Amino acid sequence: MELLYFGHSHLTRSVDQGLAAQGLGRAHHRALYFIARKPDLTVSELLGLLAITKQSLGRVLNELTDRKLVETRPGERDRRQRLLRLTEEGTRMESELFEAVRVKMSQAYQIAGQDAVSGYWAVLEGMIPDGDRPLIEALRS
């Protein structure tokens with residue numbers, strides 16, 4: 001547990017400073033990350049991925065929209081649906097944040113070696129409940 005706790009906290013610190021400089025937090029980063037992975041993600045889908053309240057997500061999306069990092073548009077079949085997409089500035093910010101995490105993970109992977117990395121991925125996948133696996137698969141496709 002200590003390894004998981006300290007490893008995760010050092011990994012998240014790699015982006016926390018960049019977020020803090022923008023007056024943003026981890027919820028903003030998580031939203032940017034998932035919107036970047038699946039442009040035209042619906043608000044409902046993002047709500048399911050983040051597992052936060054509608055009120056919290058509304059605050060995060062309003063701030064990201066006000067800062068011109070995320071744009072919304074109505075759905076094509078259901079005009080009530082809001083589709084989310086990163087703006088050019090949002091894409092730039094998310095890429096910079098992702099790169100900070102990628103560098104930390106790459107360094108750790110190099111030290112650990114491929115067998116350890118494969119084992120780590122298997123452990124992480126084993127921690128995901130069966131009901132959430134379709135969420136991961138949808139993001140991979």
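Every number in this text was worked out from the coordinates using simple rules, so none of it is lab data. Since this is a predicted model, take the numbers as computed values, not measurements. Cβ: placed from backbone, ideal geometry, glycine included. Neighbour counts: every protein chain shown.
Looking at residue 70, is it within 20 Å of residue 139 (Cα to Cα) and in contact with a Gly (Cβ under 6 Å, 6 or more places away or on another chain)? Let's see the steps before the verdict.
On the way: within 20 Å of residue 139 (Cα to Cα): yes; in contact with a Gly (Cβ under 6 Å, 6 or more places away or on another chain): yes.
So residue 70 passes the test.
Can you tell me which residue within the stretch 5-26, out of those that are among the small types (Gly, Ala, Ser) and in a helix (DSSP H, G or I), is farthest from residue 68 (Cα to Cα)? So that I can check it myself, show each step before the final result.
Quick first cut of the stretch 5-26, residues among the small types (Gly, Ala, Ser) only: 7, 9, 14, 18, 20-21, 23, 25.
When the remaining residues are screened for being in a helix (DSSP H, G or I), the result is 7, 9, 14, 18, 20-21.
Numbers: 7: 32, 9: 29, 14: 23, 18: 17, 20: 17, 21: 16 Å.
Here the residue is 7.
Looking at 67, 59, 85 in this structure, which one is surrounded by 14 or more Cβ atoms within 10 Å (Cβ to Cβ) and either touching a residue at least 60 places away in the same chain (Cβ under 8 Å) or touching a Lys or Arg at 6+ places or on another chain (Cβ under 8 Å) (or both)?
85
Here's the yes/no breakdown for (1) of a type in the set (A, V, I, L, M, F, W, C); (2) farther than 23 Å from residue 140 by Cβ; (3) assigned to a loop (DSSP other than H, G, I, E, B):
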site: 28; (1), (2), (3): no, yes, no
site: 46; (1), (2), (3): yes, no, no
site: 52; (1), (2), (3): yes, no, yes
site: 62; (1), (2), (3): no, yes, no
site: 90; (1), (2), (3): no, no, no
site: 93; (1), (2), (3): yes, yes, no
site: 98; (1), (2), (3): yes, no, no
site: 101; (1), (2), (3): yes, no, no
site: 121; (1), (2), (3): yes, no, no
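Do we find a residue being surrounded by 13 or more Cβ atoms within 10 Å (Cβ to Cβ), of a type in the set (Asp, Glu) and touching a strand residue (DSSP E or B) at 6+ places or on another chain (Cβ under 9 Å) anywhere in the stretch 72-79?
No, that holds for no residue.
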